[in-house]
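The values are calculated or read from the model by the stated rules, or taken from the named source; none is laboratory data. Fair warning: this is a prediction, and the values are worked out from it, not measured in the lab. So basically every Cβ, Gly included, is an ideal-geometry build from the backbone, and we count neighbours across all protein chains shown. Protein only, heavy atoms only, side chains kept; ligands, DNA and RNA dropped before computing areas. Shrake-Rupley method; radii C 1.70, N 1.55, O 1.52, S 1.80 Å.
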Amino acid sequence: MQESYNMEELMEFADSRQFRKLKAVLMEFNEVDIAAFIEALDSEKTVVVFRMLPKEMASDVFACLDVEKQEHIINSMTDHELGTIVEDLFVDDAVDMLEELPASVVKRVLRNATPDTRKLINQFLNYPENSAGSIMTAEYVGLKKTMTVAQAFDYIRKHGVDKETIYTCYVMDATRRLEGVVTVKDLLMNPYEMAIGDIMDTHVIKAVTTEDQEEVADSFRKYGLLSLPVVDHEERLVGIVTVDDVVDVMEQEATEDFEKMAAMIPSEKPYLKTSVFQLAKNRIMWLLVLMISSMVTGGILARYESAFAVIPLLVTFIPMLTDTGGNAGSQSSTMIIRGMAVGEIGTRDVFRVLFKELKVAILVGLILGLVNYVRLIILYPGQEMLCLTVMLSLLVTVIVAKTIGGVLPIAAKVFHMDPAIMAAPLITTIVDAVSLIIYFQLACRLLEL
């Protein structure tokens, strides 16, 4: 919000119905800040404040609102007002909105759009979910290579006002096949009489409509793009993805990965707008799987019950072994999942990861083991073999845990699963069982149980 007025002061204007003053103040605000203010209003004032916005600003503010507010405003609009908003929205914003709205509201929105807009929106809605086609926009500047720089500037001035970006322009032939790309900087740096075909870059980084949105985000991250052309399978330009849409995709994908790493089914709604039943539903399946998996640990403990009877002290070291093993495995899996997410690690790097994690595990395991050995020797004098058993168990557990944590996410990718699934909860469950087997096997042999 602007420094001169805070949210409380704007609310006072709205509550005291000083709408003329409120409108004058809001004209100085960014569309995102106006949307944030409208989000905080009650249902009645939402409609009043939105209606007083100028036409050229209203559609930009509307695109920034959450879907519940959008639906409320749509239901309060006349068909003419709705048609105006839909025509002013960028196609990608309109598609994002329609994907979330109830079917009855979608029908009304499409009914009040022009035939061309309706056809374009329907085309976008038919692209696979989370594909490049579903997040692109059709508002881009298209040039011909026979144009001069002067003609290109004239075209941009005439048609660029409604485009999502004019910095990067795309060069196409008569059949809309993408031939090259040229930036406004390129145009400014060349004489007016120069042909676009002579200055355009023909090595175009592009995406196909059916390409996954995560791969599109990777391209933006890798090449530092502001926009990316999207072509169909015949190399015809059908739209562009802009950096603001990719930021949304990155946030969405990161949230999804976090939820998977916490052993939850990803939710498409914000936490505070998700029902208790839906939150429980998203969590219970993985909790059941992990609970049943943990029963393996109980089975291992039951199998070595006789060892407890001989040396009850063995039981006291189990929490330390399982916790350390789980934490060690989680460290590795988190680093590998993160590396795979940003493109630093691929499936071909499995052996490099394996050897690196082995070296780290040996180093870390030796330090942890020695510290524990010294601690146990002081606490339990005369129990050197027991202390050695715990030390060796800890060393082997850390080595196995870090190896599993490093390799499992890559294995998941090989089998076309999301690596985020192989995160802390699952790794911990696996390592718990493995660490107990290692511990009791070593105890039985070294202590002759």
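The set of residues from region 417-437 being open to solvent by 30 Å² or more (accessible area, probe 1.4 Å) and in contact (Cβ under 8 Å) with a residue 40 or more places away in the chain comprises ASP418, ILE421, ALA424, PRO425, LEU426, THR428, ILE430, ASP432, VAL434, ILE437. Within region 51-66, the set of residues being surrounded by fewer than 18 Cβ atoms within 10 Å (Cβ to Cβ) and either farther than 16 Å from PHE19 by Cα or not hydrophobic (A, V, I, L, M, F, W, C) (or both) comprises ARG51, PRO54, LYS55, GLU56, MET57, ASP66. Within region 438-449, the set of residues being open to solvent by 60 Å² or more (accessible area, probe 1.4 Å) and in a loop (DSSP other than H, G, I, E, B) comprises GLU448, LEU449. Scanning region 29-50 for residues that are open to solvent by 30 Å² or more (accessible area, probe 1.4 Å) and either at pLDDT below 85 or over 25 Å from ASP162 (Cα atoms) (or both) gives GLU39, ALA40, ASP42, SER43, GLU44, LYS45, VAL48. Under the condition of being open to solvent by 30 Å² or more (accessible area, probe 1.4 Å), assigned to a helix (DSSP H, G or I) and not charged (D, E, K, R), the residues counted in region 380-390 number 2. Might you check whether a residue that is part of a helix (DSSP H, G or I) and touching a Phe, Trp or Tyr at 6+ places or on another chain (Cβ under 8 Å) occurs anywhere in region 321-334? Scanning region 321-334, I find at least one residue that is part of a helix (DSSP H, G or I) and touching a Phe, Trp or Tyr at 6+ places or on another chain (Cβ under 8 Å), so the answer is yes. When both residues are 6+ apart or on different chains and their Cβ atoms are under 6 Å apart, which pairs have a first residue that lies in region 4-29 and is touching a residue at least 40 places away in the same chain (Cβ under 8 Å), and a second that is of a type in the set (A, V, I, L, M) and open to solvent by less than 60 Å² (accessible area, probe 1.4 Å)? Within 6 Å, no pair qualifies.
In this structure, THR397 does not satisfy being within 27 Å of the chain's Cα centre (by Cα), buried (at least 21 other Cβ atoms within 10 Å of the Cβ) and among the polar types (S, T, N, Q). Beta carbons closer than 8 Å, at least 6 apart along the sequence or on distinct chains, pair a first residue in region 122-146 that is more than 22 Å from ASP201 (Cβ to Cβ) and assigned to a strand (DSSP E or B) with a second that is open to solvent by less than 50 Å² (accessible area, probe 1.4 Å) and among the polar types (S, T, N, Q) for SER131/THR209; SER131/GLN213.
Taking region 110-122 as the range and being surrounded by fewer than 16 Cβ atoms within 10 Å (Cβ to Cβ) and either within 21 Å of the chain's Cα centre (by Cα) or under 22 Å from LEU228 (Cα atoms) (or both) as the test, only ASN122 passes.
Among the residues of region 76-90, those identified as surrounded by fewer than 19 Cβ atoms within 10 Å (Cβ to Cβ) and assigned to a helix (DSSP H, G or I) are SER76, ASP79, HIS80, GLU81, GLY83, THR84, GLU87, ASP88.
Of the residues in region 199-220, at least one is of a type outside the set (S, T, N, Q), out of contact with any Asp or Glu (no Cβ under 9 Å at 6 or more places or on another chain), assigned to a loop (DSSP other than H, G, I, E, B) and open to solvent by 80 Å² or more (accessible area, probe 1.4 Å).
Rundown of residues vs (1) at pLDDT below 75; (2) among the polar types (S, T, N, Q), yes/no style:
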{"site": "GLY239", "(1), (2)": "no, no"}
{"site": "PHE258", "(1), (2)": "yes, no"}
{"site": "ALA263", "(1), (2)": "yes, no"}
{"site": "LYS269", "(1), (2)": "yes, no"}
{"site": "LYS273", "(1), (2)": "yes, no"}
{"site": "PHE277", "(1), (2)": "no, no"}
{"site": "GLY298", "(1), (2)": "no, no"}
{"site": "SER306", "(1), (2)": "yes, yes"}
{"site": "PHE317", "(1), (2)": "no, no"}
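For first residues located in region 72-84 and closer than 15 Å to THR117 by Cβ, partners that are open to solvent by 60 Å² or more (accessible area, probe 1.4 Å) and at pLDDT below 85 and lie 6+ apart or on another chain with Cβ distances below 9 Å form the pairs THR84/LYS55. Restricted to region 123-138, and to residues there that are polar (S, T, N, Q) and open to solvent by less than 40 Å² (accessible area, probe 1.4 Å), the residue that is nearest to ASP79 (Cα to Cα) is THR137. Looking across VAL350, VAL374, VAL414, one residue alone is more than 21 Å from LEU314 (Cα to Cα), open to solvent by 60 Å² or more (accessible area, probe 1.4 Å) and β-branched (Val, Ile, Thr). It is VAL414.
Determine whether LEU41 is without any contact (Cβ under 8 Å) to a residue 40 or more places away in the chain, part of a loop (DSSP other than H, G, I, E, B) and of a type in the set (A, V, I, L, M, F, W, C). Steps first, please.
Working: without any contact (Cβ under 8 Å) to a residue 40 or more places away in the chain: yes; part of a loop (DSSP other than H, G, I, E, B): yes; of a type in the set (A, V, I, L, M, F, W, C): yes.
Criteria met by LEU41.
So is SER131 within 30 Å of VAL184 (Cβ to Cβ), modelled with pLDDT of 85 or more and of a type in the set (S, T, N, Q) or not? When the stated conditions are applied, SER131 passes them.
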